[in-house]
Amino acid sequence: MTAHPALRLMLTLSLALGLALPLGAQQADLPFTAADIEAAQYNGGALPSGRTALTAKVQLLLDRSGTSPGVIDGFKGGMSQSALKAFERRNGLPQDGIMDPHVWNLLQAYATRPVTQSYTITQADAEGLVDSIPVDYAEKAQMTAMAHTSVAERLGERFHMDERFIQFLNPGIELVPGATIQVMAPNQPIRGQVARILIDKDNRRVAGYDANGRMLVDYPATIGSSATPSPVGTHDVRTVAVNPNYTYNPAVNFQQGDNDRKLIIPPGPNGPVGTVWIGLSKPTYGIHGTPTPSQLFQNQSMGCVRLTNWDAEELAGMVRIGGTTVEFLDSGVTIADATGSGTATSAPVAAIALPAEDEAQVDTPVP
């Protein structure tokens, strides 16, 4: 891997002057490529700080397992740690959210093909974009669509990536039709029937189970706020709308800015509910997408449950109107408590041996 010229200069000066590199340069600014992600191997301990090829690989494998890390960005952060904890729960391991040999070896079941791929940008990828999305709802209502604002944003949603990570992996490449870039390689949406959804307010996770109690999916989420908390108790899925309009009604929900009348905001990934609305039997509440997937753990909602658009779309294909219950767990009650799973306090077997450092990981491509 070749360092960026500016970084090489910083390294040279630092070594010459006996200075320490800034923390950001040590942890987050070191460039790496898709090939580095493919070659990344786990050699023990927690995931490294900052943005690394290994973390990007782990995020992609978690995503393929149905245990979503939210956006794939290569950073060790809260959503990735919560996904590791959920993965440990589903596999009966102690839940600490820290990478270990057991987790790494279990993740290899999802590494049977390359974790990155080449993609050539099409003309369709660059069409139907808008310059920006206004904050004011009255201005939103005047638009024809809450569309993507850039090719990077559109491709980020398609490949489950933070749009800035696309630029990071493809330095100097203009994202225009005809350009070939390197992106992550998530699986197609998981299919199955979710009979029960558990919403963990404290850990900000949403898990879906089939009728036999088997966990199918688990997502990071924004769940209400202190001012507008999410519902309590158990409800049913009553409606599913893909690419919906959004009806703003301050008499029923909340008031945004100075807008005191009903407005219809057009559909699109950057709309208030993203690309999917899963309505509940509790009026005005639902599970839906978001225009800001990287901010799920920073944002607050007006009582609803926000997922990334791609996670919400996947879940919408698995729920059944009148056949899926949605349980909002009380504060202090976790998904593990509600299901009796993942309560182990020690690993179930002796430590799993790590692969030899010189043993290459071979992935089998699929057509």
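The values are calculated or read from the model by the stated rules, or taken from the named source; none is laboratory data. Just so it is clear, the model here is predicted, and its values are computed rather than measured. Please note: Cβ atoms are built from the backbone with ideal geometry, for glycine as well, and neighbour counts cover all protein chains shown. Heavy atoms of the whole protein, side chains included, go into the accessibility calculation; ligands, DNA and RNA do not. Shrake-Rupley method; radii C 1.70, N 1.55, O 1.52, S 1.80 Å.
Condition check for VAL232 on (1) over 24 Å from the mean Cα position of the chain (by Cα); (2) within 21 Å of THR325 (Cβ to Cβ); (3) at pLDDT 95 or above: one failure, at (3).
Annotation note: of GLY289, GLY233, GLY257, the sole residue that is within 22 Å of SER68 (Cβ to Cβ) and small (Gly, Ala, Ser) is GLY289.
Of the set (1) open to solvent by less than 10 Å² (accessible area, probe 1.4 Å); (2) in a loop (DSSP other than H, G, I, E, B), all apply to ILE181 but (2).
What's the number of the condition GLY257 fails, among (1) in a loop (DSSP other than H, G, I, E, B); (2) touching a residue at least 60 places away in the same chain (Cβ under 8 Å); (3) open to solvent by less than 50 Å² (accessible area, probe 1.4 Å)? The failed condition is (3).
In region 86-106 there is no residue matching the filter, namely being among the basic types (Lys, Arg) and over 19 Å from the mean Cα position of the chain (by Cα). Scanning region 59-81 for residues being surrounded by 24 or more Cβ atoms within 10 Å (Cβ to Cβ), under 11 Å from the mean Cα position of the chain (by Cα) and among the small types (Gly, Ala, Ser) gives a total of 3. Hey, among GLY18, GLY92, GLY77, which residue is modelled with pLDDT under 95 and within 25 Å of GLU313 (Cα to Cα)? The match here is GLY77. (1) at pLDDT 95 or above; (2) open to solvent by less than 60 Å² (accessible area, probe 1.4 Å); (3) in a helix (DSSP H, G or I); (4) not basic (Lys, Arg): which one isn't true of LEU106, the others all being true? Status for LEU106: all satisfied but (2). Taking region 194-212 as the range and being assigned to a loop (DSSP other than H, G, I, E, B), open to solvent by 60 Å² or more (accessible area, probe 1.4 Å) and within 17 Å of ILE287 (Cβ to Cβ) as the test, only ARG204 passes. Could you please find all residues in region 85-103 being touching a Pro at 6+ places or on another chain (Cβ under 8 Å) and part of a helix (DSSP H, G or I)? GLU88, the sole residue that qualifies. Against the definition (open to solvent by 50 Å² or more (accessible area, probe 1.4 Å), touching a Gly at 6+ places or on another chain (Cβ under 8 Å) and either in the same structural domain as ALA147 (by the TED database) or among the polar types (S, T, N, Q) (or both)), how does THR239 come out, yes or no? In short, yes.
Filtering region 260-277 to residues that are buried (at least 17 other Cβ atoms within 10 Å of the Cβ) and either in a loop (DSSP other than H, G, I, E, B) or of a type in the set (Val, Ile, Thr) (or both) leaves ILE265, PRO266, PRO267, GLY268, PRO269, ASN270, GLY271, PRO272, VAL273, GLY274, THR275, VAL276.
Residues that are at positive phi, out of contact with any strand residue (DSSP E or B) (no Cβ under 7 Å at 6 or more places or on another chain), open to solvent by less than 10 Å² (accessible area, probe 1.4 Å) and not aliphatic (A, V, I, L, M) do not occur anywhere in region 155-170. Taken residue by residue, region 245-253 has no member that is at pLDDT 95 or above, open to solvent by 50 Å² or more (accessible area, probe 1.4 Å) and farther than 27 Å from ILE72 by Cα.
The test for being of a type in the set (D, E, K, R), over 14 Å from the mean Cα position of the chain (by Cα), under 18 Å from VAL237 (Cα atoms) and open to solvent by 60 Å² or more (accessible area, probe 1.4 Å) holds for ARG191.
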